[in-house]
Structures are given as structure tokens and as C-alpha cells.
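Taking it in order: structure first as C-alpha cells, then the write-up.
Please treat every number below as a calculation from the coordinates, not as lab data. Please read these numbers as outputs of a predicted model, since none were measured by experiment. We place every Cβ from the backbone using ideal geometry, glycine too, and count neighbours over all the protein chains shown.
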Amino acid sequence: MEKLSHLGHTLTRWRVGSSTFLAYPEKGARLMNWHLTLGDGSVRDIVYWPELDSFDDFFKTRGGNPILFPFNARTFDRGDIHFWRAADGVRRPMPMHGFARHSDFKVTRLDPAGFTAQLTPTAESRAIYPYEFEFNVSYRFAPLGLTCEFALTNHGHVPIPWSAGHHFYFTLPWAEGTTRADYRIRIPATRRYKHDFATGQLTPGPALNLEEPLSRPALVDTQHTHLTGNEVLFGEPGRPGAISVRLGDADAPPPDATFVTWTLDDAAPYYCVEPWMGPPNAPENKLGLHFVAPGKTEKFTVAVSVK
């Protein structure tokens with residue numbers, strides 16, 4: 001574990017076996033990059049991070065693993081985007097993917113195995129999410145993987161709603177001379193949705209096979225739910241180095257637990273496989289919406305590994 005200066009900011013780097021992890025825990029608890037040093041000395045990026053000239057819009061960077069909290073994607077209130085309505089009936093604003101990715105965090109654990117960072121609420125965040133809460137993000141790094149745990153504690157007197165998630169940007173393709181068509185993804189979903197950006201409602205998604213090539217256009221911006229297993233696996237068929245993304249510890253996660261597949265366009269050097277607690281617009285659609293009772297803590301855990 002070491003500190004390094006980059007573009008006027010202090011980052012932290014971990015070397016664990018053949019893996020190197022780079023993070024900025026104080027800004028959005030952001031994992032920025034993860035790469036492997038292979039036996040021949042070459043480097044393979046697992047989690048993508050672009051070259052930047054500055055950190056002015058750090059939270060908007062398409063790379064690393066942005067933390068999506070308290071809600072994933074876009075929220076709506078009665079057809080109006082970027083709003084939500086809590087149990088008290090008050091309509092409040094809510095940024096895309098919530099506010100954690102552009103929040104400051106306080107590091108409460110920093111050791112050779114990873115870190116824990118606690119979100120620092122602001123007057124703005126308290127106005128849009130008016131609860132007495134503590135939100136911690138904990139990473140543990142391993143030679144061929146990582147585990148990330150969210151923990152939301154309710155210090156108030158009313159239940160706290162949330163439906164959080166991850167936005168992993170995985171480098172793809174990762175082998176020279178390959179294209180997305182050379183990679184396949186296996187998602188054990190029995191139901192799929194699309195999110196209507198005009199109304200916030202969920203509509204039926206495409207009919208997909210258990211395993212599909214990552215070049216399949218229908219995968220983009222699809223929510224995969226009602227999972228029969230907790231692992232999504234993608235890589236080059238018949239070759240080592242596939243990536244596993246596991247949602248929770250149970251053999252089968254809750255019915256509304258969701259994997260999202262997304263990329264910006266065909267030329268993007270990344271493909272996002274995103275484990276979420278539920279589909280978009282959870283406060284209004286009620287799918288994947290969890291409540292933490294007063295005095296309780298609820299956790300959401302995801303593990304990523306290279307096979």
C-alpha cells in the first residue's frame with residue numbers, strides 16, 4: 001500500500017499478489033483501476049480508467065467503479081425525471097445515480113487489504129435524502145479479486161429506503177486482436193426490463209439466451225432480474241481469464257436483484273456489468289426497494305474475481 005500524487009490529488013495504490021488496485025477513497029469511495037501483471041510481465045487491465053488531464057469532473061469520469069447510492073439510475077416522480085417521493089409524501093430532487101459518487105468520504109480503515117470509507121453528508125444531500133444515516137463502503141483486495149460491501153445504518157426513527165449498486169467499467173476487449181464478438185456473457189436471469197426514459201416505468205426487455213456474445217446490441221441498457229444464480233461470468237470461451245461478478249452470498253439473490261449490461265457505443269474500450277439491488281426508479285416502481293429499520297444496519301455485498 002502506498003500513497004502517490006496525481007494531478008494535484010493524493011491517491012492510494014495497493015499491490016496484492018499479481019493485482020494492483022488504484023483508488024481515491026476520499027472522493028466517492030472510488031476504485032479507479034485494477035490491473036493484473038501476467039507471468040510474461042505484460043499488464044492486463046481489469047477495471048478501466050481513462051487518461052485524464054484534470055480531476056475537475058472526476059465524478060463524471062467513465063471508468064473505475066462509481067458508487068450508486070441511495071438509488072440507481074434515474075428516479076421519477078409522476079413522470080418528472082430526477083425527482084422522488086418518500087413515505088412522507090414530499091417531492092424531492094435526486095441526481096442521476098444518487099449523490100455518493102460526487103460526495104466526500106472519510107477514510108475509517110486503510111490497510112494492506114483495502115479500505116473503508118464513510119460518506120460525509122452535506123446540507124444538499126440531507127435536503128434530498130432527509131435521514132439520520134451512516135453509509136460505509138468497504139473494499140477488500142485479493143490477488144485475483146475484490147469484495148465490496150455497502151453498509152447503511154439507520155440512526156433515526158423512521159425506516160430508510162435505498163436501492164444501491166455498482167457501475168463497474170470493465171476493460172473490453174482485453175486480448176489483442178479480439179473484438180466484443182469474441183467474448184460471451186452468461187447471465188442467469190429469467191426476466192428482463194428496459195427503462196423508459198420518458199416516464200420512468202419499466203417495460204418488458206428483450207428475449208435473450210442464457211449466454212450471449214457481448215456484441216449483441218440487445219444487451220445494452222438491459223436490466224436482468226429474477227436471477228436463478230448470483231454469478232455473471234464473461235470472457236473468451238475456452239480460455240482462462242474470465243471475469244466473475246457475484247451478487248451477495250446466497251445461491252440465489254432476492255427476486256428483484258439486478259444485473260445491468262451497458263456500454264456507451266461500439267467503440268468504447270469498456271463494457272459495464274453492474275450489480276444492483278434492484279431495477280431503476282425503485283422509489284416509484286417499488287422493485288428492489290429496501291428499507292432499513294431504525295437502529296438497524298443493512299448490507300449489500302458484491303465480489304469480482306478473475307477465473
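Numerical summary
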quantity	calculated
Selection from the stretch 87-112 of residues that are farther than 15 Å from Asn65 by Cα and basic (Lys, Arg)	Arg91, Arg92, Lys106, Arg109
When residues of the stretch 69-86 are limited to those that are assigned to a strand (DSSP E or B) and not basic (Lys, Arg), the one nearest to Phe150 (Cα to Cα)	Phe69
Residue identified as within 24 Å of Asn281 (Cβ to Cβ), free of Cβ contacts under 8 Å to residues at least 24 places away in the same chain, out of contact with any strand residue (DSSP E or B) (no Cβ under 7 Å at 6 or more places or on another chain) and not basic (Lys, Arg) among Ala218, Ala250	Ala218
Residues satisfying the stated conditions in the stretch 26-79, i.e. aliphatic (A, V, I, L, M), surrounded by fewer than 21 Cβ atoms within 10 Å (Cβ to Cβ) and within 20 Å of Lys3 (Cβ to Cβ)	Leu52
Selected residue (criterion: farthest from His167 (Cα to Cα)) from residues of the stretch 19-43 that are of a type in the set (D, E, K, R) and either in a loop (DSSP other than H, G, I, E, B) or more than 21 Å from the chain's Cα centre (by Cα) (or both)	Asp40
Trp162 vs. criteria in a strand (DSSP E or B), in contact (Cβ under 8 Å) with a residue 60 or more places away in the chain and crowded, with 17+ Cβ neighbours inside 10 Å	yes
The one condition in (1) more than 21 Å from Phe259 (Cα to Cα); (2) among the small types (Gly, Ala, Ser); (3) without any contact (Cβ under 8 Å) to a residue 24 or more places away in the chain that Ala207 fails to fulfil	(1)
Which listed residue is outside any strand (DSSP E or B) and touching a His at 6+ places or on another chain (Cβ under 7 Å), from Pro255, Pro237	Pro255
Qualifying residue in the stretch 198-210 (condition: touching a strand residue (DSSP E or B) at 6+ places or on another chain (Cβ under 7 Å), part of a strand (DSSP E or B) and under 24 Å from Pro66 (Cα atoms))	yes
Of all residues in the stretch 278-307 being out of contact with any Lys or Arg (no Cβ under 9 Å at 6 or more places or on another chain) and under 21 Å from Leu233 (Cβ atoms), the one that is surrounded by the most Cβ atoms within 10 Å (Cβ to Cβ)	Phe300
Odd one out for Gly295 among (1) out of contact with any Pro (no Cβ under 7 Å at 6 or more places or on another chain); (2) within 30 Å of Arg78 (Cβ to Cβ)	(2)
Any hit, the stretch 130-142, residues being buried (at least 22 other Cβ atoms within 10 Å of the Cβ) and among the polar types (S, T, N, Q)	no
Qualifying residue in the stretch 8-18 (condition: over 15 Å from the mean Cα position of the chain (by Cα), among the polar types (S, T, N, Q) and either surrounded by 14 or more Cβ atoms within 10 Å (Cβ to Cβ) or outside any strand (DSSP E or B) (or both))	yes
